[in-house]
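S.K.: The structure is given below, and queries will be raised subsequently.
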Amino acid sequence: MIRRLFWIVRVLAAGVSGAIIRFARRLARRPPRIWHGFTPVHSTRWIVEAERKAGLPSLSVVTHTRASRYALVRREDFDVVFEQEAARWDDVHWLALIHLLRHGDVWNAWFDCLFFQQNDRRKNKLAMQLIRAAGIRIVVQVHGSDVVCLGKIESRYDWPARMQLDYPLWDLAAQRAVVENRVALFSRYADFIIAGDSIFSGFLDRWDVLFHTVPADTEHLAPVYRTGNALPLIVHAPNHRNVKGTEYLLRAIERLQARGVACELRLIEGIPRHEALALYDAADIIADQFILGGFGIFALECMALGKPVLTYLDEQHLRNPLLVHPLVNTTPENVEEVLAVLLQVPELRERIGRAARASVERYQSFDAMAEVWLRVYRHVWWREPLALESTRHFDPARGTRALTEDPREAAFWPVEVGDLMGEITAAARR
């Protein structure tokens, strides 16, 4: 009881002092301080960098950087790691809440960023009320596993059930109650909710805008359009084999090689992200996933490297201009034929790779996403009109994609292929 009172007094003091500072900053028309926390998601660092390019004082804060399967995040990826400051592990959530109250004006949260036990609705509700009473605005977005559960959505290949196969010790049926509690809390107290992707929007009660929030580091990822490999190299990162559909890729390559279509496959597993990027550099084709229906930072980074990326896109992606990039729409049913064409038509690989790099530079670079985040925060903090259409990412001129999944149709490909259709149809037939 004494220990709890100690922390409560510190939290209330931080709330009062932080509210005074926020009031003074608003009077002085200072830009809002963005506080990202506190789940250690690797994409946070790029969002923070984009916001800093927009002139926003942005800070990344996490509870820990412990890896689950492989080193996706490192200590140097974040500004503050509370695990290093806490005397005891159960002090971490108190330190995070105090830090937010003192140093944040806008809290950019993930849906699993609750300060108390996930099933403790009363304490988490009180924390949300305190944060709002202290003058902090709340923006919340999805990173993926924070909203995934069974029984909530329907999808073509039932990807949540496949994710359950990848994580047999994680009860995704029981997770539904946890997710609904998280979503209900943020739906009530958040000022702005970003769905992030159409494959996750169905898990949410409400959302204000849907777009891919994470930028690709086009400044440090240099494109390599021609690798010089003796055999075309396909690279696949099967960190979730069932939900990525790895078995369909393996069977397709086995059949192609039996038919005499030469290629090499390299699987990237258990390697820290910063090391894996060098291996993606050497690829002629990146095989992302064939089940989910959307894409993430992996696909964006590989497009920035100038690679043709194979990934299944659902109808919502193909019809939404904000989600359209020159990705090759690849399903379990057409993966063999798509690979047959790309492996035998090198000009098509390079053409898609160049278009992919250009698309990411224009719509998903740090500078492009800085424009979007600045508009979101000015809307939330100063109540200015959102006006996202003024940004490159929300350019009204962005188009949609054809729904065909037949590689023998010109409309299937994300680039102009009129002059290559003879080679494409011949390669598919062979």
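S.K.: How many residues does segment 377-409 contain that are open to solvent by 40 Å² or more (accessible area, probe 1.4 Å), within 30 Å of residue 345 (Cβ to Cβ) and either outside any loop (DSSP other than H, G, I, E, B) or without any contact (Cβ under 8 Å) to a residue 12 or more places away in the chain (or both)?
M.R.: 2
S.K.: Among the residues of segment 150-158, are any under 21 Å from the mean Cα position of the chain (by Cα) and open to solvent by less than 10 Å² (accessible area, probe 1.4 Å)?
M.R.: No, segment 150-158 contains no residue that is under 21 Å from the mean Cα position of the chain (by Cα) and open to solvent by less than 10 Å² (accessible area, probe 1.4 Å).
S.K.: Of everything in segment 276-286, what is within 24 Å of residue 44 (Cα to Cα), open to solvent by less than 10 Å² (accessible area, probe 1.4 Å) and either at pLDDT 95 or above or of a type outside the set (A, V, I, L, M, F, W, C) (or both)? Give them in sequence order. Full working, then the answer.
M.R.: So in segment 276-286, the residues within 24 Å of residue 44 (Cα to Cα) come out as 276-281, 286.
Keeping just the survivors that are open to solvent by less than 10 Å² (accessible area, probe 1.4 Å) gives 276, 286.
Listed by number, the list holds a single entry, 286.
S.K.: Only one of these is farther than 21 Å from residue 139 by Cβ and basic (Lys, Arg): 206, 176. Name it.
M.R.: Matching residue, one of 206, 176: 176.
S.K.: Return the residues of segment 213-234 that are among the aliphatic types (A, V, I, L, M), farther than 13 Å from residue 305 by Cβ and in contact with a Gly (Cβ under 9 Å, 6 or more places away or on another chain); say none if nothing qualifies.
M.R.: 214
S.K.: Looking at the structure I just gave you, is residue 64 at negative phi and out of contact with any Lys or Arg (no Cβ under 9 Å at 6 or more places or on another chain)?
M.R.: yes
S.K.: Across segment 206-234, what is the number of residues that are under 19 Å from the mean Cα position of the chain (by Cα), touching a residue at least 24 places away in the same chain (Cβ under 8 Å) and open to solvent by 40 Å² or more (accessible area, probe 1.4 Å)?
M.R.: Qualifying residue count, segment 206-234: 1.
S.K.: Taking interchain pairs and intrachain pairs at least six residues apart, which have beta carbon atoms under 8 angstrom, with the first residue in segment 116-132 and closer than 18 Å to residue 35 by Cβ and the second among the hydroxyl-bearing types (Ser, Thr, Tyr) and modelled with pLDDT of 95 or more?
M.R.: 128/189; 129/189; 131/189; 132/189
S.K.: A further question on this structure: Determine whether segment 235-243 contains at least one residue that is open to solvent by less than 10 Å² (accessible area, probe 1.4 Å), hydrophobic (A, V, I, L, M, F, W, C) and touching a Gly at 6+ places or on another chain (Cβ under 9 Å).
M.R.: no
S.K.: Another question, then. Go over the candidates 147, 106 one by one and state the one that is buried (at least 21 other Cβ atoms within 10 Å of the Cβ), at pLDDT 95 or above and under 30 Å from residue 21 (Cβ atoms).
M.R.: On the way: 147 fails: under 30 Å from residue 21 (Cβ atoms).
Answer to the check: 106.
S.K.: Can you find even one residue in segment 115-122 that is surrounded by 18 or more Cβ atoms within 10 Å (Cβ to Cβ), touching a Leu at 6+ places or on another chain (Cβ under 8 Å) and more than 26 Å from residue 244 (Cα to Cα)? Walk me through how you get there before you give the answer.
M.R.: Step one: filter segment 115-122 for residues surrounded by 18 or more Cβ atoms within 10 Å (Cβ to Cβ), giving 115.
Checking which are touching a Leu at 6+ places or on another chain (Cβ under 8 Å) leaves us with 115.
Then keep just the ones that are more than 26 Å from residue 244 (Cα to Cα); that gives 115.
Taking every residue of segment 115-122 in turn, at least one turns out to be surrounded by 18 or more Cβ atoms within 10 Å (Cβ to Cβ), touching a Leu at 6+ places or on another chain (Cβ under 8 Å) and more than 26 Å from residue 244 (Cα to Cα).
S.K.: Scan segment 276-316 residue by residue and report those that are hydroxyl-bearing (Ser, Thr, Tyr) and closer than 26 Å to residue 228 by Cα.
M.R.: Correct list: 280, 311.
S.K.: A further question on this structure: Report yes if some residue within segment 289-304 is open to solvent by 10 Å² or more (accessible area, probe 1.4 Å), free of Cβ contacts under 8 Å to residues at least 40 places away in the same chain and of a type in the set (A, V, I, L, M); otherwise report no.
M.R.: No, the conditions are met nowhere in segment 289-304.
S.K.: Moving on. Go through (1) within 25 Å of residue 49 (Cα to Cα); (2) open to solvent by less than 40 Å² (accessible area, probe 1.4 Å) and name the single condition residue 335 misses.
M.R.: (1)
S.K.: In addition: Filter segment 417-430 down to the residues that are touching a residue at least 40 places away in the same chain (Cβ under 8 Å) and open to solvent by 40 Å² or more (accessible area, probe 1.4 Å), then identify the one that is nearest to residue 331 (Cα to Cα).
M.R.: Filtering first and then ranking leaves 430.
S.K.: Which residue pairs have Cβ atoms under 6 Å apart, sit 6 or more places apart or on different chains, and have a first residue in segment 37-53 that is surrounded by 20 or more Cβ atoms within 10 Å (Cβ to Cβ) and a second that is in a loop (DSSP other than H, G, I, E, B) and modelled with pLDDT under 90?
M.R.: 38/63; 40/65; 40/73
S.K.: Within segment 159-199, which residues are among the aliphatic types (A, V, I, L, M), open to solvent by less than 40 Å² (accessible area, probe 1.4 Å) and within 21 Å of residue 248 (Cβ to Cβ)?
M.R.: Those that are among the aliphatic types (A, V, I, L, M), open to solvent by less than 40 Å² (accessible area, probe 1.4 Å) and within 21 Å of residue 248 (Cβ to Cβ): 161, 163, 199.
S.K.: Next up: State whether one or more residues within segment 251-261 are within 19 Å of residue 328 (Cβ to Cβ) and open to solvent by 50 Å² or more (accessible area, probe 1.4 Å).
M.R.: yes
S.K.: Here's another thing I want to ask about it. What about residue 194, is it under 18 Å from residue 288 (Cβ atoms) and in contact with a strand residue (DSSP E or B) (Cβ under 6 Å, 6 or more places away or on another chain)?
M.R.: no
S.K.: I want to confirm something. Restricting to segment 1-25 and keeping residues that are among the basic types (Lys, Arg), in contact (Cβ under 8 Å) with a residue 12 or more places away in the chain and farther than 30 Å from residue 74 by Cβ, which single residue is surrounded by the fewest Cβ atoms within 10 Å (Cβ to Cβ)?
M.R.: The extreme case among them is 25.
S.K.: A follow-up question, please. Applying the selection to segment 164-216, what residues are under 22 Å from residue 245 (Cβ atoms), in contact with a Ser or Thr (Cβ under 8 Å, 6 or more places away or on another chain) and aliphatic (A, V, I, L, M)?
M.R.: 199
S.K.: Take the residues in segment 391-416 that are within 23 Å of the chain's Cα centre (by Cα) and of a type in the set (Ser, Thr, Tyr), then tell me which one is nearest to residue 333 (Cα to Cα).
M.R.: 400
The values are calculated or read from the model by the stated rules, or taken from the named source; none is laboratory data. If you're wondering where the values come from, they're calculated on a predicted model, not measured in any experiment. Note that we place each Cβ from the backbone using ideal geometry, even for glycine, and neighbour counts take in every protein chain shown. We work out accessible area using only protein heavy atoms, side chains counted, and drop any ligands, DNA or RNA first. Shrake-Rupley method; radii C 1.70, N 1.55, O 1.52, S 1.80 Å.
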